[in-house]
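Working notes for the structure below.
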Protein chains: 2
Amino acid sequence: MVKSPDTSRIRGVLSPVVTPFDSELRPDGERLIRHCRWLLEQGVGLAVFGTNSEANSMSLAEKRALLDELVTAGLPPHRMMPGTGCCAFTDTAELTRHAMQLGCAGVLMLPPFYYKGVSDEGLFRSYAEVIERVGDSRLRIYLYHIPPVSHVPLSLSLIERLLKAYPGAIAGIKDSSGDWNNTRAMLEQFQSPQFDVFAGSEAFLLATLRGGGAGCITAAANVNPGPIVRLARSWQQPDADAQQVALNSVRGVFQQFPMIPALKAAIAHYSDDPIWATVRPPLVELDSAQRNALQQALRSVDFSMPGVGA
Amino acid sequence: MVKSPDTSRIRGVLSPVVTPFDSELRPDGERLIRHCRWLLEQGVGLAVFGTNSEANSMSLAEKRALLDELVTAGLPPHRMMPGTGCCAFTDTAELTRHAMQLGCAGVLMLPPFYYKGVSDEGLFRSYAEVIERVGDSRLRIYLYHIPPVSHVPLSLSLIERLLKAYPGAIAGIKDSSGDWNNTRAMLEQFQSPQFDVFAGSEAFLLATLRGGGAGCITAAANVNPGPIVRLARSWQQPDADAQQVALNSVRGVFQQFPMIPALKAAIAHYSDDPIWATVRPPLVELDSAQRNALQQALRSVDFSMPGVGA
C-alpha cells in the first residue's frame, strides 16, 4: 500500500533533534538552529522536543522560547513536529496551541506520564481535553507510544476510539515500543491516508514503509541522516535490504552506549565543538573512556558526519 | 530512639492534600483552603502537591498560584511541605525557591521522573543543581522515594552521598516504596536528628515511630486525619497496636478503589459537595456503583469525617 501524495503532511524521516546546552546548562538556540539546518539539508524533518531532545528536562517556557527562536531564524514550521506532551494537560494544550499558531506540521504527543496504570478512558479524556482546548482545525496530533520510557502505553483500542472521535486531529502515531508486532498491528488496523504510522527507530524503517507506513522518527537521524533518508527515498530499489543492514550496523554502535550522551558526543567529536557533549541531569555525559570507545567503534563502521557543525 | 525536640522541623502526620477542581477543571483555591484548615485543626501538616494531590497534572503556574493563595489566606507556611519535584530541574528550582521564600517548612522532592534507568550520578547532579540554584540556607529537602509511580528509585548510597554533600539541605525522606524493609534500612542507616524518615503510608506509622522515624505522609490523612494523628501522638501507649489495626481497616477500604478518586468521592459524600469528586485526566472519578460500594464499605468500618467541608 502506498500513501496518497498529500504533500501537506509531514512524512519520511524525522529526528528528535538533540538539544544543545551551554556551560550553564541553558538551551543553546544558535547551535540548535545550526544542527536543524544541517538536518533539513539532508531531508530530515524536525521532531524537536522528543525524548532524545531531553525535552522533559526543559521547562515549558524554555521550549516555547526555543520554538520561537527556530521559526524566527527562518526554519520552516511545515517541517517541524515538536513534542508537546507534558504531565499536565494544561501545559500540553499551551505548547500545542503555540506550535499550531506558528504553523507547525503537527505535534508529537506523549500521554500524561506521571500516573501509572491509568485507564483508556482516562487517556482518552486527556487527549480529548487538549484537542477541545486547542480548538484549532489545523491541529494534527501524532500519538507517541513509548512504553519503555513513559510506562503509559497507548492501546490499539484507545487509538481506534480517538480516531473515531477526532478523525481530523489524530493524524498518526510514533511507535517506540521496540516491538515490530505492535507496529505491524497498527499498520494493519489503521489503514487510512489520514493516519500515518512512524517507526520509532530506523531499524524498522524498511519494514514500516513496506507495510504502508509513513517513515520513521529516530534518534539516529541526528547523526546518520543521509543514509537513513536515502533508504526512505529508495526503499523500493533492489539494494534496500542492504541499506537497512548498513543502517543497523551504525545504530548498533550507538546502542552500546547511553543513547543521548552518545549522540551528543558524536556531534561534539565530528564538529570539533566539545560543548555539544553537555547533557542536563539526570543524564550524564560519556566519560573519556566511553568517548574513545565510541569513536573507535564508529571508525570501524566507516561512519562520518559530513558537514556537521559547519 | 527519640528524635530531638527541634520544633522548627515539621514532623508527625502530613497529608498530600487532594486538590479540588471546578467544573472547568480549574484548581479551586477556596475549597482547598477549607480542606487545609480542616486538616490543620486535626494536627495534620500540609504536604500539598503530592502524588495524591494530582500535582503532576497541574502546571507550574497553577501550583505557584495555589501556594500563594494558601499563604495569603493565612494558612501557616511552617506547616507546609509542598511537593516541588518536576521533570525539569529548572521547574523544580523555581517552585522550590518560591516555597522557601514563602517560609514553607520544607519541600518534598521527586527525582526527575521521565528518563528511566538513570544513574545515581545523574540523580545526584539533579538534586545538587536544584540546591545550588535555590541557594537558600533555609532549604530543607525531603527526598521522595516512590518507585511504583516514578519508576526512578532513590538508592541508599545516593541518599548517603547527598547527605554528605548537603547535610543541611537534605532534611529527610518519604518512603513510598511500600516495602517496610526499605524503610527500616533507611531508619537504621541514617540515624540523625537532621534526617527525618517519613513512612509513605499510615500502615507503617507505628513501626516507623518505633524505629525512630518522624511520622508519615499519607493520602489517607485526607479522610481519616483524627485517628492517624492520635496514633502518632500516643504511639507509646498500650493501645497503639490496636489503633494501628483500626487505621489499617479504614485504609483497606480505600485500597479497594483507585485511591485518589476514592478519597475525593469520600470528601464529596461526607461534605455533601459533589464537585469534590472531580479529578483531572488521566484519572477518572468513581462511577456510581463504585461510589455506593465505597460508602457501604466505609459504613461497615464505622467511618466518619466529622466537620469536613464546614
Just one listed residue, out of A:203, A:199, A:171, is buried (at least 17 other Cβ atoms within 10 Å of the Cβ), closer than 18 Å to residue A:48 by Cβ, more than 12 Å from every other protein chain (Cβ to nearest Cβ) and of a type in the set (A, V, I, L, M), and it is A:171
Condition (residue is of a type in the set (Gly, Ala, Ser), within 14 Å of another protein chain (Cβ to nearest Cβ) and touching a Leu at 6+ places or on another chain (Cβ under 9 Å)) applied to segment A:287-303: is it met by at least one residue? no
Could you go through segment A:20-39 and let me know if any residue there is within 26 Å of residue B:60 (Cα to Cα), within 14 Å of chain B (Cβ to nearest Cβ), among the hydroxyl-bearing types (Ser, Thr, Tyr) and buried (at least 22 other Cβ atoms within 10 Å of the Cβ). no
With A:272, A:241, A:287 as the choices, which residue is closer than 24 Å to residue A:55 by Cα and among the charged types (D, E, K, R)? A:287
So, first residue more than 19 Å from residue A:161 (Cβ to Cβ) in segment A:124-138, second residue part of a loop (DSSP other than H, G, I, E, B), Cβ within less than 8 Å, six or more apart or across chains; the pairs are A:137/A:168
So which of A:82, A:153 ends up being touching a helix residue (DSSP H, G or I) at 6+ places or on another chain (Cβ under 6 Å), over 30 Å from residue A:36 (Cβ atoms) and free of Cβ contacts under 8 Å to residues at least 40 places away in the same chain? A:153
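Residue-wise test of (1) assigned to a helix (DSSP H, G or I); (2) in contact with a helix residue (DSSP H, G or I) (Cβ under 9 Å, 6 or more places away or on another chain).
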position	(1), (2)
A:263	yes, yes
A:272	no, no
A:275	yes, yes
A:283	no, yes
A:286	no, yes
A:309	no, yes
Complete set of residues in segment A:42-97 that are among the small types (Gly, Ala, Ser) and over 20 Å from residue A:20 (Cα atoms): A:43, A:85, A:88, A:93
From A:200, A:211, residue being touching a helix residue (DSSP H, G or I) at 6+ places or on another chain (Cβ under 6 Å), on the phi < 0 side of the Ramachandran plot and not polar (S, T, N, Q): A:211
Complete set of residues in segment A:111-151 that are facing another protein chain (nearest Cβ under 8 Å), of a type in the set (A, V, I, L, M) and surrounded by 20 or more Cβ atoms within 10 Å (Cβ to Cβ): A:118, A:123
Qualifying positions in segment B:292-310 - more than 22 Å from the chain's Cα centre (by Cα) and crowded, with 20+ Cβ neighbours inside 10 Å: B:294, B:298
Within segment A:40-65, residues more than 14 Å from chain B (Cβ to nearest Cβ) and buried (at least 22 other Cβ atoms within 10 Å of the Cβ) come out as A:44, A:45, A:46, A:47, A:48
Please work out which one of (1) closer than 21 Å to residue A:234 by Cβ; (2) in a strand (DSSP E or B) is the condition residue A:204 fails and give its number. (2)
Only one of B:15, B:53, B:57 is of a type in the set (S, T, N, Q), in contact with a Pro (Cβ under 8 Å, 6 or more places away or on another chain) and free of Cβ contacts under 8 Å to residues at least 40 places away in the same chain. Can you tell me which? B:53
Extreme residue, surrounded by the most Cβ atoms within 10 Å (Cβ to Cβ), among residues of segment B:66-79 that are free of Cβ contacts under 8 Å to residues at least 40 places away in the same chain and part of a helix (DSSP H, G or I): B:67
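A quick yes/no check of all residues on (1) within 14 Å of chain B (Cβ to nearest Cβ); (2) out of contact with any Asp or Glu (no Cβ under 7 Å at 6 or more places or on another chain):
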{"site": "A:245", "(1), (2)": "no, yes"}
{"site": "A:250", "(1), (2)": "no, yes"}
{"site": "A:257", "(1), (2)": "yes, yes"}
{"site": "A:260", "(1), (2)": "yes, no"}
{"site": "A:271", "(1), (2)": "no, yes"}
{"site": "A:275", "(1), (2)": "no, no"}
{"site": "A:281", "(1), (2)": "yes, no"}
Considering only segment B:174-181, I want to know if a residue exists there that is away from every other protein chain (no Cβ under 14 Å), under 19 Å from the mean Cα position of the chain (by Cα) and without any contact (Cβ under 8 Å) to a residue 12 or more places away in the chain. yes
Among A:253, A:279, which is in contact with a helix residue (DSSP H, G or I) (Cβ under 6 Å, 6 or more places away or on another chain), of a type in the set (Val, Ile, Thr) and not in a helix (DSSP H, G or I)? A:279
Go through segment B:181-202 and give me each residue that's touching a Ser or Thr at 6+ places or on another chain (Cβ under 8 Å) and either farther than 28 Å from residue B:37 by Cβ or among the hydrophobic types (A, V, I, L, M, F, W, C) (or both). B:183, B:187, B:193, B:197, B:198, B:199
I want to confirm something. Restricting to segment B:67-79 and keeping residues that are more than 16 Å from the chain's Cα centre (by Cα) and under 12 Å from residue B:99 (Cβ atoms), which single residue is farthest from the other protein chains (Cβ to nearest Cβ)? B:71
In segment A:158-206, which residue that is of a type in the set (Ser, Thr, Tyr) and at pLDDT 95 or above is nearest to residue A:231 (Cα to Cα)? A:201
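The values are calculated or read from the model by the stated rules, or taken from the named source; none is laboratory data. Computed from a predicted model, the values in this text were never measured in an experiment. Please note: Cβ atoms are built from the backbone with ideal geometry, for glycine as well, and neighbour counts cover all protein chains shown.
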